[in-house]
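Heads up: the structure comes next, in structure tokens.
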Ligand code: V1D
Ligand code: CA
């Protein structure tokens, strides 16, 4: 195989992973790996809280009921260690998460603990599980173990280096991207959760090695109240951050065509070596916190489009508060990533079958006759504005775009090799374990 390497900005000796320089052959079947920890659905934020980890059990059950586990490698990922979490988060904050319980929470400084981010039983364990799954998924991708890796328990995009935010305690997206940056020159992060991906944007605001693009609802009161188009990055990262602010009621056709226009332009200009896609399902119609008018098919069409780019892909979950619809959406998208067609009638043997009534279908009508507050002319302007911004990116001194000629072999430095081996030992392929 022909091989080339990229020289990072500071002229160090990083040699990128083989998959960093090669896109998957457009005609070859993409190998999919799926990461699910059996305990992740057993945590409770509280009765009044909209975030229900049980949706992950529901999703996993539906994926299995459709037999999709037969078509991919299923891994039980190891929990993230303290040190792994401290790769992004501050030591004091991680120590707080380790020690705090519902009983002793008054003894500690706040770290933004409030009704959005309450202290619950097993909180640190929950963080280790969902972050461990995203790191393992990133690792599997980088070590050429799969072309597409899925972790529906990840995508908690609001957490900050030193505090919790918006139902997110540790930022598994940032941790996974940091891991990918050891192997790939350019990471493209795309966020279709209805909320702005502020935590990920903030973490990579000043670098050109990660480009962040978030589609979200934006107004003066909607959480987290950031994500205006004027937020474009700073320093070396200027123009490597894009925001697509939208209003309530956006429908299938407008969203999908906007998504494809924007992302194809970003892809052509940025030429990412790997993509991380956050698939928050609160952008679906009838979500409890959201206000868009999108169907599961349209949400899935965005995933299909990214898959068709044939670039190594890490797929994560995110928000989503009408839990049967979250399970339907992420199961449908698992099917898309596997090129598997799923019958709309749900398999009757699905555990929690009664959650899916009255229609018991994968595609219930989600489209409310809600007014679309996004005017045609506003929507038409967005890809043009994005294009104008991307033109600046062409002129940016993005050093890692420079290619070194030559047929250098695929070499990973020793520490990365060791790291790869140690994680491989811990990540259990469920089918092999059963056998
Ligand atoms: F409705 C609630 C009931 C109980 C507790 C919280 C909420 C709630 C709804 N929406 N909280 C919110 C948002 N917070 C606020 C702030 C609280 N105010 C004083 C302002 O509006 C937070 C929404 C978080 C969305 C998380 C996410 O969907 O983006 C996500 N992504 O990955 C995981 C979750
Ligand atoms: Ca978003």
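Laboratory data are not the source of any read-out in this text; all were calculated from the coordinates shown. Treat the numbers as computed from the prediction; the structure is a model and nothing was measured. We place every Cβ from the backbone using ideal geometry, glycine too, and count neighbours over all the protein chains shown.
Note the full-extension length gain between residue 121 and residue 340 as 0.36 nm times their separation in residues minus their Cα-Cα distance, in nm to one decimal.
This chain segment gains 75.0 nm when fully extended.
Using per-residue counts of other Cβ atoms within 10 Å, averaged over each peptide, order 227-237, 151-161 from highest down.
Highest mean packing first, the order is 151-161, 227-237.
Kindly rank 76-85, 381-390, 345-354, 182-191 from highest to lowest mean number of other beta carbons found within 10 Å of each residue.
182-191, 76-85, 381-390, 345-354
Measure off 7 Å from each Cα along the Cα-to-Cβ vector at residue 349 and residue 31, then give the distance between these two points in nanometres to one decimal.
2.9
Between residue 297 and residue 238, what length comes free when the chain is fully extended (0.36 nm per residue of separation minus the Cα-Cα distance, one decimal in nm)?
17.8 nm is the gain from fully extending residue 297 to residue 238.
Given a Förster distance of 51 Å, report the FRET efficiency between residue 304 and residue 92 from their Cβ-Cβ distance, rounded to the nearest 0.05.
Given R0 = 51 Å and the Cβ-Cβ separation, E is 0.75.
Restricting to bridges with both residues inside the range 28-424, how much of the DSSP beta-bridge set is antiparallel, in percent to the nearest 5?
10
Once label points are set 7 Å from the Cα along Cα→Cβ at both residue 83 and residue 271, what is their separation, rounded to one decimal in nm?
Using points 7 Å along Cα→Cβ, the separation is 3.6 nm.
Let me know the shape class of the range 28-424, please: from the alpha-carbon gyration tensor, a ≥ b ≥ c as square roots of the eigenvalues, rounded when a/c is under 1.5, otherwise prolate if a/b is greater than b/c, or oblate.
rounded
Please report the spacing between the Cα centers of the range 212-256 and the range 96-142 in Å, no decimals.
Between the Cα centres of the range 212-256 and the range 96-142 lies a distance of 27 Å.
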